[in-house]
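Coordinate-derived values only; no laboratory data. All figures in this text were calculated on a predicted structure; none of them were measured in a lab. Using ideal geometry, Cβ is built from the backbone for each residue, glycine included, and neighbour counts are taken over all protein chains shown.
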Amino acid sequence: MNNPQLWVSVVTIGAFYGLVALSYYLTLIGAEFFNFAIGPYAMVAALGSSWLVVMNEWPVWSAVLVGLASSAVLAGATELLVIRPVQRQVMGGELPSLVAVAAVLFAIQQLAGLLFGYNSLPGQEVFATQAFRLGSAGVQAAAVPLIVVTLLTFSVVAAWIRFSRTGRCLRAVGNNPTAARLLGFPVNRIRLITFVVGGLIAGVAGIFFAPTSGNGVSFQAGLTWALSGFLALVIGGTGTVWGPLIGGLILAMAQIFVPYYFGGETVAFGVLALAVIFFAFRPQGLFFRKVRI
Amino acid sequence: MKTAQAAIDIINSKGGILGRPVQTIQCNDESNPTRVGACLQQLIGGGAVFFLEFTGSPAVIQSKAIIQQLRIPTLAPNNATASVPAPPNNDYIYTIGESTTAWGPVYCNGMQNAGIKTLAVLLDNSPTIATFTPALLGAMDCVKSVNKQTAPVNATDISAEIARLANPSADAILISSASVGFEILAHNQIAQQFPKATVFDVATLCNSPTNWKLANPGTLVGSICMGSMDPNNPETQRVQKLLQKSMGSSFQLDQFTAEAWDGVNMMNMAITKAGTTDGPAVNAALQTLTNVTSAYGYKGFHLSLSATKHNAPDGPCGLVLVQYGPTNTQQHPWDKFKPNC
């Protein structure tokens, strides 16, 4: 574990997983719902902005703004047009809405393939930076903006939840929407805000992560990113807003060090083992809130 | 496909074939073997008399039995799989590109001259590469593969697998992948960890000029890849100039587009020679084409077909080990590679 290059990879990938997990975190605490379509939101933002730049020669910043807007709109539309109506129909039951959102996940993926093509497109660098060496490790140009944006996003969200009125309402609404409604909280508005903000954060994650990989981004990335972000949240827990980031870093460590010690063929087994350990022995994650009754 | 269409447009501008314009109808099987049959039937229904297959190897292999039944002459210009032009069901199908069985001796030619005796191999985990790589290494008896690492083809980070290439270390690293993205990722991350390594890759990124700029600046410098283009080949220069008139001045002929050009050219020659579009007659005419000057490979490289020779290259001079220059562009044939052309 004393190869600094591998730690650079851990921090880069962990930052991305942390951001996706943060999106999950927000919709979980604000709407008590696992929005599995978060992965495709990130994919649409990244792939859509790449498509605009590469195929239509848009300036990067304009394309990125459209990408972010798309992920936010998709997230809002998922809440308004899918989850809310389904939950209303089944009187708040969770399984039908989870199934519905899984369908949304696949629908968005296929639509992205149809709109943007079935080949990978290279990610777009939002901030032009240079690659540099940190001791014996190389840090690629796109890694630093991703890490900086991750820390900034987590800090802003932590401050928002703690100090803003809407942020403080989040947990109340998520914990008990009925009670919150009776107390006069704008439940529907809060839910919508958490979905839209979650979608925006997912878009940021996708856009800043895509250029770190030579493999580019394809329409199929949404499902992988959804599962990775979910696992990062499970590992980190929901006890603190920084939990998803810790979970993302731990997941990234597994993805980097398991193949390093045991071979490239074992990476899937390493991630599976981590998932089983947490689901079986620590489903609440590393950080959880203890509630005194 | 765009190059093939441009080549057909040039033929049509000169009166077409047998005095009739060539019309193209397309079907996209998405390189999916299960869709190939339906696609071919759709093309037949549209009146196709000749097939040009620009699709993945599994789909081409799946199509062989159908083509044999339909008796439609078929060229798969970009296919390098040895089993495609080989029996069974190969009476009507031909390939233009050098078969991968020719690659081993070509790599060996250069590696021996460069004093490379051991190789570390990084390959992706796709079924195609899992089959291709052992066959390639088996044909490279001049070097010993001392370290082999496999990484997921759609991985976003393979720094761990690359770090494992250090132990045991080797004289050179070979990247084996059918994915341009994987090759770019591998080059980027190998350059971070082993900036002085001698790196080879197979034909994937090598023949995708539009993707070279996606690699981090300077990471491809000095790398050697299995290309097919010698800029000094007069036929390459001629065809590139011709195609630039319709495809724009920035168009650069590469292996795939040169093979597409050669495919259309051979189709034209065969139908013209047969004097008819009847499948068996055109097929017989295809099998008489010899010493056709190719748009790829070294000067003097030719293509020939016969009843027993369904892979067109006349020898390995269609393969060029090319070295990248300072700006991630291909500079020249590798000076250690000395083919007898």
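Key figures
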{"quantity": "Kirkwood hydrodynamic radius (C-alpha pairs) into Stokes-Einstein, region B:108-217, 25 °C and 0.890 mPa s, D in µm²/s", "calculated": "175"}
{"quantity": "Globularity ratio of chain A, using Cα Rg and 2.2 N^0.38 Å", "calculated": "0.99"}
{"quantity": "Positive minus negative residues near A:ALA143 (Lys, Arg vs Asp, Glu; Cβ under 15 Å)", "calculated": "-1"}
{"quantity": "Expected 222 nm ellipticity per residue - DSSP helices of 4 or more, -39500 (n - 2.57), all of the protein assembly as shown, to 500", "calculated": "-17000 deg cm²/dmol"}
{"quantity": "Residues whose placed amide H lies under 5 Å from that of A:GLY237, excluding near-sequence neighbours", "calculated": "A:LEU286, A:PHE287"}
{"quantity": "Exposure proxy ranking, count of Cβ atoms within 10 Å, fewest first, for B:HIS187, B:HIS310", "calculated": "B:HIS310, B:HIS187"}
{"quantity": "Average partner coverage of B:177-185, which counts Cβ from other chains inside 10 Å", "calculated": "4"}
{"quantity": "Cα-Cα separations in region A:222-293 greater than 13 Å, expressed as whole percent", "calculated": "64"}
{"quantity": "Pairs from B:LYS299/B:LYS336; B:LYS213/B:LYS338; B:LYS148/B:LYS338; B:LYS117/B:LYS148; B:LYS14/B:LYS245; B:LYS245/B:LYS338 whose Cα-Cα separation, in the structure shown, is over 23 Å", "calculated": "B:LYS213/B:LYS338; B:LYS148/B:LYS338; B:LYS245/B:LYS338"}
{"quantity": "Nitroxide proxy distance, nm - points 7 Å out along Cα→Cβ at B:LYS144 and A:SER155", "calculated": "5.5"}
{"quantity": "Overall dimensions of region B:262-323 as given by Cα atoms, namely Rg and Dmax in Å", "calculated": "12.8, 45"}
{"quantity": "Förster radius 25 Å - calculated FRET efficiency between A:ALA102 and A:LEU183 (Cβ-Cβ, nearest 0.05)", "calculated": "0.15"}
{"quantity": "11 Å beta-carbon shell around B:THR3, net charge (K/R +1, D/E -1)", "calculated": "-3"}
{"quantity": "Between region B:243-289 and region A:169-195, the Cα center-to-center distance that results, in Å", "calculated": "67"}
{"quantity": "Percent of beta bridges antiparallel (DSSP, the protein assembly as shown, rounded to nearest 5)", "calculated": "40"}
{"quantity": "Magnitude of the charge dipole, chain A, Cβ model with Lys/Arg +1 and Asp/Glu -1, debye to 20", "calculated": "1160"}
{"quantity": "Spin-label pair A:SER136/A:ALA280, simplified geometry with 7 Å Cα→Cβ offset, distance in nm", "calculated": "3.6"}
{"quantity": "Cα gyration tensor, region B:95-164 - rounded (a/c under 1.5), prolate or oblate", "calculated": "oblate"}
